[in-house]
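Have a look at the structure below before the remarks.
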Amino acid sequence: MSSTPYRSDVLAWSPQQLADYLKRMNLPGCDKVVLKNSISGSRFVNLTDNDIQKFPKLHAPMISKLSNEIYKNEKKGGLFGKR
């Protein structure tokens, strides 16, 4: 997935921004789960099994995969490159 957003960007997302992203990713119903449970970007990057179970069963594997891909996708240079 080349369109995976950077972790540092997602960490700053509000639940509404995350919901909009999941809508664009064509994951129906997932946006409602995010808003209902106030799942922010920082929480999405570190989803627990309990969080994943709140999503529609059909999309849970994709949500888990997306969360992991975002977690691993960091800008080169990261936090230590800016000194």
* To do: For PHE55, state whether it is modelled with pLDDT under 95, part of a loop (DSSP other than H, G, I, E, B) and more than 15 Å from SER3 (Cβ to Cβ).
  => no
* Asked: Going through the stretch 1-27 one residue at a time, which ones are of a type in the set (D, E, K, R) and under 23 Å from LEU58 (Cβ atoms)?
  -> ASP20, LYS23, ARG24
* Structure fact -> Per the filter on the stretch 15-24, residues of a type outside the set (Phe, Trp, Tyr), within 16 Å of VAL45 (Cα to Cα) and surrounded by 14 or more Cβ atoms within 10 Å (Cβ to Cβ) are PRO15, GLN17, LEU18, ALA19, ASP20, LEU22
* Structure fact -> Note: among LEU79, LEU35, LEU11, just one is at pLDDT below 95, hydrophobic (A, V, I, L, M, F, W, C) and surrounded by fewer than 19 Cβ atoms within 10 Å (Cβ to Cβ), namely LEU79
* Asked: Is it true that VAL34 is in contact (Cβ under 8 Å) with a residue 60 or more places away in the chain and of a type outside the set (Phe, Trp, Tyr)?
  -> no
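The values are calculated or read from the model by the stated rules, or taken from the named source; none is laboratory data. What you are looking at is a predicted structure, and each value in this text was computed from that prediction instead of being measured. Note that we place each Cβ from the backbone using ideal geometry, even for glycine, and neighbour counts take in every protein chain shown.
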